[in-house]
Amino acid sequence: MEKTKQFRRLLLFLFGLCIALQANAQEKTITGKVTSKADGMALPGVNVIVKGSRTGTSTDFDGNYSITVNTSKAVLSFSYVGYTTRDVPLSGANTINVALEEDLAALEEVVVVGYGARKKSDITGAVSSVKSEELNAFPVLNAEQALQGRAAGVVVQSNNGGEPGAPISIQIRGNTSISASSAPLIVVDGFVGATMPQPNDIQSMEVLKDASATAIYGSRGANGVVLVTTKKGKKGRLTVEVNSNYSVQNTTNKLDLLNADEFGAYQRAINSDYVQGAADTDWQDLLYRSGSTQNHQFSFSGGSDKINFYASTTYFNQEGVIINSEFERLSFLSNVDAQVSDKLKLGVNLFGSRGNRDGVPTQTRGGRVTGGGDDVVSSVFRFAPDRGVQDVNGVNTLNSVGEDIDNPFAVATEGVNERKTDNYRANLYANYDILENLTFKTTFGYSTVNQTEGDYRPSTLTATAGGNPGGRATIDNFKRTNILSENYLTYKTTLGQGDLTVLAGYSYQKNTTQRFSTGAEGFVSDSFSFFNLGGGVNPLRPTSNFSESEIQSQFGRINYDYDDKYLLTATLRRDGASNFAENEKYAIFPSGAFAWRVSNEDFLKDSDKISNLKLRLSYGVTGNQAIAPFQSLGTFGSIFTPIAGGNAANVQPERIANPNLKWESSFQTNVGIDLGLFNNKISLSLDYYNIDTKDLIMEDSSQSEFLGFLDPTSLRNVGEVNNRGFEITLNTRNISTKDFTWTTDINWATNKNEFVRLLDGEDFFPPSAAPAFFNVNDNTHILREGEPIGQFWGFEYRGVYQGGDLPEGTAVLTGNDIAPGDQLFTDLPDEDGERDGQINSNDQQIIGDPNPDWTMGITNTFTYKNFDLNIFFQGVFGGDIMNLTNVLLFNGDSNARRAVLNAWTPTNTNTDIPRAAIRGKEITSRFVEDGSYVRLKNLALGYTLPSDVAKKIGLQSARVSVSGQNLLTFTDYSGLDPEVSFGVVGQNNTTAASTTQGFDFGNYPTVRSVTFGINLKF
Amino acid sequence: MKLSYKYLVLMMSILVFGCSDLEEDPVSQLSPDGLFNSVERIEIAANAAFGNMTHEDFWGRKTSLALMLRSDMVAIGDPTTSRRRIDHDDFNVLADNGMIPDNWRRSYQSIAAANQAIAGAELVDVPDEVKNPITARAYFARAFMYFHLVRQFGEIPYLDEPIATLDEGRTIGKTSVAQVYENIISDLEFARTWLPNTQRARSIPAKSAAHSYLALVYLTMGEYQMAYDEAKGVIDNEGAYELGLEADFQNLFNSGAIDSSREPIFALDYIGMTDGDEGRDYQPALTGLRDDQQYGIGGGWSVAVPSLEVFNTWDGRDYRKAVSLDTTGVFNITNPDTEAVTQELRPFTVFRSSGRGRGVDRPHIAKYTRFTGATAANNGRGSQHNYSMMRYAEVLLIAAEALNEVQPGAAEAHGYVNRVRARARSGNGSNFPADVSGLSQNDFRDMVLEERKWELAFEFKRWYDIARRRLGSEVFSASGLEGAKPNFDPNQDYLLPLPAMELARNSNLEPNNPGY
């Protein structure tokens, strides 16, 4: 005991606080029962405290309590989540029974914010909250996906259509960065930078959007923050829950391609000697199948006065709609919280998963593997329909036109690509009440991701890995560990008519990543797969690397709520990050916000129309430090150097040091209004924001290449980008009767982004987004001052040349002889207004904008007695798509869309499609399409067993549901699916490259599924 | 009491992670500090200069292909190939041509490596006799790269030491052509002084390499006496340098035979293994015939294909023609009835229709497809070819050409040409090309340039010959091998544009070359 006191004194000393407390003893025991006023049911777990003291207890399972007080003038305070707190003076009674009223005003979700939680009504920033019911309205592959369309300003997209195990990217309020990541920070139960848990294990997700909410995360807050809270056990009876669902999946769409005879005729129009094969293969039919997913979750949870726990395990399995692609994952989660003493609470959060993905090549860029790529999805379209899978000699066929590519069936069935990912996380916390209103919390967490990807291309894929001996095996491994320690004090007090909360803390985090890859070619047997690299004749050059980054921070926040009318939040974070340069290790990120709850003013207080009106204003600075470590250092490197028959050791200057590389800083303003009408039957939130991201980090192109560094594009702070937008969230409870309810949730968002400053006004061209075998590897996207990020760059198509003089202002591609039926393009005049009569790089211009004008989601939920129906539409409007697939399917050396049957001929001149010929694969406006779409994302019908029936069969509750995903899509886009993502997969498959969006090529098809689900609680 | 250790843990977590200086320690990356402490380190730094030469950006494709296409012998085959290539063939190049920046960057990366080796050598405290023979490799590499740059771009930035800060780099402007040549000569003289007579492989420059390049540099400058003197110096040292003409011309383009040949003087020796585009050549793919099955590399891309007139004007008796060109290909032909696939030999007149429609009906270059050795990727990419940057036959022709300018019609000059011709004849026992004798200065000059054209055909020398002798107006006229090239402008096209982006980055490089 002595030690404890000493230690407490030490702590008090440390925090500069020294308060002595004395208490008088004059004891008396009060008992009673707490019930809900609405239905008279007992309320377990209600907090009962003696006001102004530290004495407290809570009600048991039957709502009973017993508390000892030391003065008869004491006031007992009864509080319970979702109910209005009641204070009852003792007035001499020994038994006090209380009926608590449901707190409607605060339908009061508590919203998790960084390092704490606030009542929703007290929030000053722009925060979207997504609850468990919404996340689980229909089965999703992972929790990120469940956010899609649920929160205004949050864009969620699969990095590869419906591919089993494909990562999902999230973007909040536009592209704030171009070189650093635009992905938000994910915080799970306080663990910064964690992997998402399973959707069924999530209690709530909060999306923090403005600086007021995110500045507490300082240099990692600029892209927004997603806070995830997992489920915890509740005091009371043990709950065992089983969730199972099974879905059947199919592709949403098939492309209309030529059959063998049409293809033969089309090819003969190009090359009169073309020999049509005898087969008639529909490669789409051959490769697509009916897929399925199944997800089974088992959890149990419960708690007592001192301890509560939640444990769950989930098995997920997906058979993709393309043959031989599948993914399975087993994961577990457990949360245990223990009230060790009056003052000390300890908890641990454990998470683990093993994912196993068997894949087929999609979205490949083609350069490394073979001249024409080995992408299964695009090969399905490109491959000649007059060829079978194997020729008469039993050899896999190659395409009969264009580049050598292996047929997609062989690639999908004979190649092996296996990725195993292990993910573990442990996070411990201790919460200590130093004083009644001063709490210290410390967390210590550790997470690790270990991923191994093995790939084998057998020698039977002659274009990919043929040779004698052939076959290619590679193994890549990476391991990332993350250690986090956070320590903070929270102090709550009343100051005048207001409540003051002060938070101050310190945090340290370290990331290390190790990576290696190796491989070999030339195997005598294909049966080794990638498990016998030593059996290969030619070893591939092995590589490995190591990187480490640290971040340490001090942070603080003050909330002051004056009279429930005026809310003030001020935060400050000072971050130091090792990634940044010698002179720029530290930076400070402040923010401030003010909210006015107009509805609590006297003149509105009693309004029967306006039940809630809040105005919000915030401004702050957040940062983005998401760049790879070691980028600011001067380094030496080496390249493969064949000399005298071998690879010679060598070294040369790789990168020039930049001692001034620093954070991107986002200066964010947010103005919002929350309006609740008619007892919150209608609630509306409007937000306008403006984000100026300065010191934008870009690969510096101002460094002269003649300086000779191996990497002439080291990172520098060279630009400024502006994002501004408007978000609307509208929730209406249209009908609410005993048996029937109807609610509608609408969110709508628009974002406009623009380069305010870029280099010295120079255009910047990111590396080509087209696959290598397109041979157009010059420029496909442009970054230009005054324009949005990542505009398409190419020639403007002007239709088909009909013979005679060229139409004014048009020309054909240089080097081509002009013949009727060829493509015409705009010939742009030079500075002197002269046109050179040729189409060359001077004639490239902006031909499309992939950034959508606005996005929306509409959910209608109906309940009738025990039935519920959820209809969720999602839409994206105004973004352009560059249909790279069509570039190939119209250029003559692959199979083609049926539209080529309407190609120009001397007798069919009224057409937009040039004559049949083999053409280059230029980026032109001919293949830019409107990517707008509206999609019926989910339609779900559920039935919950009446509770008395459930009880009879020994259940707490039971629910069955049937739902359909992606059932309908309305779009003019002619490609497979308007949710495109070619080339946006960045490093580690997680971040999206914002500069090269909107290209469609080889995406795994998006799937349509019908799902049956059952949920049982025991 | 018993809970107290828990508080300790809490305190520990604060203290353990209490402070970090946030310094980065990039273990997996190399830092310049303390690197140069031995002669071996100088060699390692010099090696990088040669590694860059073999990159796709330079000899692997970008530089070599541009040189080939700009000549009067090689034209675009597949018209759907990328535009930036077609623009070189047609003299439509603009300042933002996509091939030039890679070529430019890689050249300077090689130079930066050489500069680093030369600067590093000064930190190595050993006698000159010990370190200079190694450092001289870097001098040679630097001269070799600047010689390419000055011929392609004219006035260029000349850097001869490592750059430490960006500000330092921003003040650099262009150096005059004369000064660049002066520096090249000075570097080559250092190399000729210090390099050993021979090396263990021809991919490492020996004294012969520096010596021969001095001859070519002087020839390019029109300093014929000096060119002759240097070439003669090489010829006089034929024995000491272990040089000679390869008996069978074909062996020069046979990756299995070239390593033991005495003819290459300095070569880029690809080894059939690459790291991506590092150390990867694309000539077999670029020059190979589409859909051709005869070499087991899956055919080429028919990008760089000689014009038909090359075939028509080249005497059929010349063995070098048979080595240089393929007039037939082997195609997989599908029988429409049985679907059986058979391989059939087809003449060049039906190349396009025998394959998948992107071939072209002209003989293709055979020098790089016939004996590739092991290849790292399909289409012959990443072959085992040794590309002779300089071979002894060229030294003989330099001596002949230069001597004729200072001693018109010298018999000695005829003799050098006849050595080259005799070797050509020995290949097929024909009597072509016959020995030359008694030519006038003008006739000899025309003859020796023609001889270079056929002897060194498709070896990336022709464009430089056209440029140094200002032959463009003649060879790109209607009577030229590729027919009229109306876009050719002698006031513009002998030089490439400096990359537009480089001018934007550093205005000291303004103005661009005339016409761009």
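The values are calculated or read from the model by the stated rules, or taken from the named source; none is laboratory data. Keep in mind it's a predicted model, so treat the numbers as computed, not measured. In this analysis, Cβ positions are derived from the backbone assuming ideal geometry, glycine residues included, and neighbour counts consider all displayed protein chains. Ligands, DNA and RNA are stripped out before the accessible areas are found, and what is left, the full protein with its side chains, is counted by its heavy atoms. Shrake-Rupley method; radii C 1.70, N 1.55, O 1.52, S 1.80 Å.
Along the charge dipole of the stretch B:131-234, pointing to its positive end and built from +1/-1 on Cβ of Lys, Arg, Asp and Glu, which listed residue (B:Leu149, B:Ala231, B:Val177) has its Cα farthest out?
B:Ala231
In whole Å, how far is the Cα centre of the stretch B:464-497 from that of the stretch B:343-369?
28
Can you give me the accessible area per residue for chain A, using a 1.4 Å probe, in Å²?
For chain A, the solvent-accessible area averages 39 Å² per residue.
How crowded by other chains is A:649-662, given as the mean number of beta carbons from other chains within 10 Å of each beta carbon? Write down the numbers at each step before the final one.
Numbers: counts 8, 12, 15, 18, 11, 5, 1, 7, 4, 2, 1, 0, 0, 0.
Average neighbour count from other chains, rounded to a whole number: 6.
Can you find, among A:Phe523, B:His414, A:Ser507, the residue farthest towards the positive end of the dipole of the protein assembly as shown? Put +1 on the C-beta of Lys and Arg, -1 on that of Asp and Glu.
About the Cα centre, the residue reaching furthest to the positive side is A:Ser507.
Not counting ligands, DNA or RNA, and with a 1.4 Å probe, what is A:Asp391's accessible surface area in Å² rounded to the nearest 10?
The accessible area comes out at roughly 40 Å².
Rounded to a whole number of µm²/s, how large is the Stokes-Einstein D of chain A at 37 °C and 0.692 mPa s, given Rh as the Kirkwood radius over C-alpha pairs?
Values: Rh = 31.6 Å.
After rounding, the answer is 104 µm²/s.
Taking the Cα centre of chain B as origin, work out the dipole magnitude from +1 charges on Lys and Arg Cβ and -1 charges on Asp and Glu Cβ, in debye rounded to 20.
Numbers: 51 positive and 71 negative charges, 220 e Å.
With only Lys, Arg, Asp and Glu charged at Cβ, the dipole is about 1060 debye.
Which semi-axes, in whole Å and largest first, does the equivalent ellipsoid of the stretch A:399-471 have when worked out from the alpha carbon gyration tensor as the square roots of 5 times its eigenvalues?
Values: eigenvalues 640, 31, 12 Å².
For the stretch A:399-471, the ellipsoid semi-axes come out as 57, 12, 8 Å.
Can you tell me the dipole magnitude for the stretch A:277-411 around its Cα centre, using point charges on the Cβ only (Lys, Arg +1; Asp, Glu -1), in Debye to the nearest 20? Numbers along the way, then the final one.
Numbers: 11 positive and 17 negative charges, 173 e Å.
With Lys and Arg at +1 and Asp and Glu at -1, about 840 debye.
Taking accessible area as the heavy-atom solvent-accessible surface of the protein chains with a 1.4 Å probe, which residues of the stretch B:95-111 lose no less than 20 Å² upon going from the isolated chain to the full protein assembly?
SASA drop of 20 Å² or more in the stretch B:95-111: B:Asp96, B:Arg105, B:Tyr108, B:Gln109.
Excluding residues fewer than 8 places away in the same chain, name every one of the lysines whose C-alpha is closer than 19 Å to that of A:Lys510.
Filter leaves A:Lys479, A:Lys585, A:Lys662.
I'd like to check one number: the per residue accessible area of the stretch B:122-216, probe 1.4 Å, reported in Å² as a whole number. Mind showing how you got there, number by number?
Numbers: 3610 Å² over 95 residues.
Ligands and nucleic acids excluded, the figure is 38 Å² per residue.
Are any of the pairs A:Lys345/A:Lys738; A:Lys28/A:Lys343; A:Lys865/A:Lys952 more than 30 Å apart by Cα-Cα distance, and if so, which?
Details: A:Lys345/A:Lys738 42 Å; A:Lys28/A:Lys343 23 Å; A:Lys865/A:Lys952 19 Å.
As for pairs spanning more than 30 Å Cα to Cα, those are A:Lys345/A:Lys738.
Kirkwood hydrodynamic radius, the stretch A:251-306, all distinct C-alpha pairs: what's the number in Å?
Working: mean 1/r = 0.0614 Å⁻¹.
Final number for the Kirkwood radius of the stretch A:251-306 is 16.3 Å.
Counting Lys and Arg as +1 and Asp and Glu as -1, what is the net charge of the other residues whose Cβ lies under 11 Å from the Cβ of A:Tyr797? Intermediate results must be reported in sequence, preceding the final value.
Details: positive: A:Arg798, A:Arg926; negative: A:Glu796, A:Asp912, A:Glu922.
Net charge in that neighbourhood comes out at -1.
Which of A:Lys131/A:Lys614; A:Lys120/A:Lys1017; A:Lys254/A:Lys420; A:Lys492/A:Lys614; A:Lys752/A:Lys921 have a Cα-Cα distance over 27 Å?
On the way: A:Lys131/A:Lys614 22 Å; A:Lys120/A:Lys1017 29 Å; A:Lys254/A:Lys420 31 Å; A:Lys492/A:Lys614 23 Å; A:Lys752/A:Lys921 31 Å.
In this structure, A:Lys120/A:Lys1017; A:Lys254/A:Lys420; A:Lys752/A:Lys921 exceed 27 Å between Cα atoms.
First compute the accessible area of the stretch A:196-279 with a 1.4 Å probe, then give the percent of it belonging to carbon and sulfur atoms.
On the way: 1200 of 2540 Å².
With neighbouring chains kept in place, the figure for the stretch A:196-279 is 47 percent.
If you keep only loop residues by DSSP, which chymotrypsin sites (Phe, Trp or Tyr not before Pro) in the stretch A:273-351 have at most 15 other Cβ atoms within 10 Å of their Cβ?
Here no loop site has a sparse enough neighbourhood.
Take the eigenvalues of the Cα gyration tensor for chain B, scale each by 5, and report the square roots as semi-axes in whole Å, largest first. The partial results should precede the final answer.
Numbers: eigenvalues 370, 199, 111 Å².
Value: 43, 32, 24 Å, ordered largest first.
Report relative contact order for the stretch A:318-429 in percent, whole number only (criteria: Cα-Cα under 8 Å, sequence separation at least 6). Could the numbers behind the result be given before it?
Working: 204 pairs, mean separation 34.2, N = 112.
Reported relative contact order: 31 percent.
What longest range of chain A stays clear of loop-exposed GluC sites (Glu not before Pro) (DSSP non-H/G/I/E/B, at most 10 other C-beta within 10 angstrom)? List each step's numbers first, then the result.
On the way: sites that count: A:Glu27, A:Glu808, A:Glu831, A:Glu834.
Between the exposed loop sites, the longest stretch runs A:28-807.
Once you keep just the Cα pairs under 8 angstrom separated by 6 or more residues, what percentage relative contact order results for chain B? Each step should come with its number before you reach the end.
Numbers: 943 pairs, mean separation 93.4, N = 516.
Computed over chain B, the figure is 18 percent.
Expressed as a rounded percentage, what relative contact order does chain A have, with Cα pairs under 8 Å and six or more residues apart? Mind dumping the intermediate values first?
Values: 2887 pairs, mean separation 108.7, N = 1018.
It comes to 11 percent, rounded to a whole number.
Please list 3J(HN,Hα) in residue order for the stretch A:117-127, calculated via the Karplus relation 6.51 cos²θ - 1.76 cosθ + 1.60 where θ = phi - 60°; whole Hz, with x for glycine and proline.
9, 9, 5, 4, 5, 9, 6, 9, x, 9, 10
Only loop residues by DSSP count here, and only those with at most 16 other Cβ atoms within 10 Å; note down the chymotrypsin sites (Phe, Trp or Tyr not before Pro) in the stretch B:269-335 that meet that.
On the way: sites: B:Tyr270, B:Tyr282, B:Tyr295, B:Trp301, B:Phe311, B:Trp314, B:Tyr319, B:Phe331; in loops: B:Tyr270, B:Tyr282, B:Tyr295, B:Trp301, B:Trp314.
Passing sites in the stretch B:269-335 do not exist.
So if I place +1 on the C-beta of Lys and Arg and -1 on the C-beta of Asp and Glu, and nothing else carries charge, what would the dipole magnitude of the protein assembly as shown be about its Cα centre? I want it in debye, nearest 20.
On the way: 137 positive and 184 negative charges, 1306 e Å.
Taking the Cα centre of the protein assembly as shown as origin, the dipole is about 6280 debye.
Between helix A:2-14 and chain A, what is the angle of the helix's C-alpha long axis to the longest principal axis, kept within 0 to 90° and rounded to the nearest 10?
Around 60 degrees separate the two axes.
I'd like the residues of the stretch B:61-90 whose 1.4 Å-probe accessible area shrinks by no less than 30 Å² going from the isolated chain to the full set of protein chains.
By number: B:Thr80, B:Ser82, B:Arg83, B:Arg84.
Using the Cα centre of chain B as origin and beta-carbon charges of +1 (Lys, Arg) and -1 (Asp, Glu), tell me which of B:Ile100, B:Asn37, B:Phe140 is placed farthest towards the positive end of the dipole.
Result: B:Ile100.
To the nearest hundred square angstrom, how large is the accessible surface buried between A and B, total for both chains, probe 1.4 angstrom?
Numbers: alone 43830 and 22120 Å², together 56960 Å².
In total, chains A and B hide about 9000 Å² from solvent.
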